[in-house]
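Trainee: Once you've had a glance at the structure underneath, I'll fire off some questions.
Values quoted throughout were computed directly from the atomic coordinates according to the rules given, and no laboratory measurement underlies them. Model, not experiment: these values are computed from the prediction. Because the Cβ atoms are built from the backbone with ideal geometry, glycine has one as well, and the counts that use them run over all protein chains shown.
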Amino acid sequence: MKIRIAALLALPLVLCSCSVVDAVTAPVGPAQIGTPIEQPQTAERPEGALDWSAARASIGRTATVCGPVVSTFTATKSHGQPTFLNLGVDHPDPAGLTVVIFDDHRNAFPFDPAFEYDGAEICVTGEIRPHEDFVQIEARTPEQITVVG
């Protein structure tokens with residue numbers, strides 16, 4: 001589980017006249033620090049899953065593809081505000097696979113996919129499609145993505 005320590009350190013302790021321990025357990029938005037929230041589950045790599053490097057050869061197939069998330073990006077100024085999870089190699093290298101999560105589906109995730117999956121080894125299930133010079137799978141639900149390792 002990743003914790004944004006910098007955000008905790010930036011809390012104005014002088015305004016609440018509380019200790020650091022109190023500030024860490026104080027309410028932060030709708031949940032409290034330390035309150036369990038739904039996180040991506042860790043599992044074993046499924047048998048028959050493709051490696052990210054084999055995705056291009058499987059365009060048009062529905063498959064499970066696994067690989068490391070080497071970078072993430074949410075294009076807040078683009079149509080659909082997509083979140084991109086780049087597997088294997090960083091964009092714009094066309095050898096990689098990109099998992100795309102559009103804004104209208106991102107609300108199905110109980111966490112920020114760009115933050116939670118960054119650096120993780122994941123498997124994603126969906127139709128492998130070409131997009132310009134790249135290969136991608138669109139994820140509409142968190143059930144399509146599993147953290148492995």
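Trainee: I need the fraction of alpha carbon pairs in the range 89-149 separated by more than 14 Å, rounded to a whole percent.
Mentor: Values: 1039 of 1830 pairs.
Result for the distance tail: 57 percent.
Trainee: Counting other Cβ atoms within 10 Å of each Cβ, which trypsin sites (Lys or Arg not before Pro) in the range 66-149 have at most 15 and sit in a DSSP loop? Don't jump to the answer; show the numbers that get you there.
Mentor: Working: sites: 77, 106, 140; in loops: 77, 140.
Answer in residue order: 77, 140.
Trainee: Filter the chymotrypsin sites (Phe, Trp or Tyr not before Pro) in the range 86-126 down to the DSSP loop ones having no more than 16 other Cβ atoms within 10 Å, then list what survives. Could the numbers behind the result be given before it?
Mentor: Working: sites: 102, 111, 115, 117; in loops: 102, 111, 117.
Within the range 86-126, the qualifying chymotrypsin sites (Phe, Trp or Tyr not before Pro) (loop, at most 16 other Cβ atoms within 10 Å) are 102, 111.
Trainee: Roughly how big is the range 73-142's charge dipole about its Cα centre, with Cβ charges of +1 (Lys, Arg) and -1 (Asp, Glu), in debye to the nearest 20?
Mentor: Roughly 180 debye, rounded to the nearest 20.
Trainee: Relative contact order, percent, of the range 60-105 when contacts are C-alpha pairs under 8 Å separated by at least 6 residues?
Mentor: Values: 68 pairs, mean separation 14.5, N = 46.
In percent, rounded to a whole number, it is 31.
Trainee: Is the range 59-112 rounded, prolate or oblate when judged by the Cα gyration tensor, a ≥ b ≥ c being the square roots of its eigenvalues, rounded requiring a/c under 1.5 and prolate requiring a/b larger than b/c?
Mentor: Values: a/c = 1.71, a/b = 1.39, b/c = 1.23.
Prolate shape, in that a/c is at least 1.5 and a/b is the bigger ratio.
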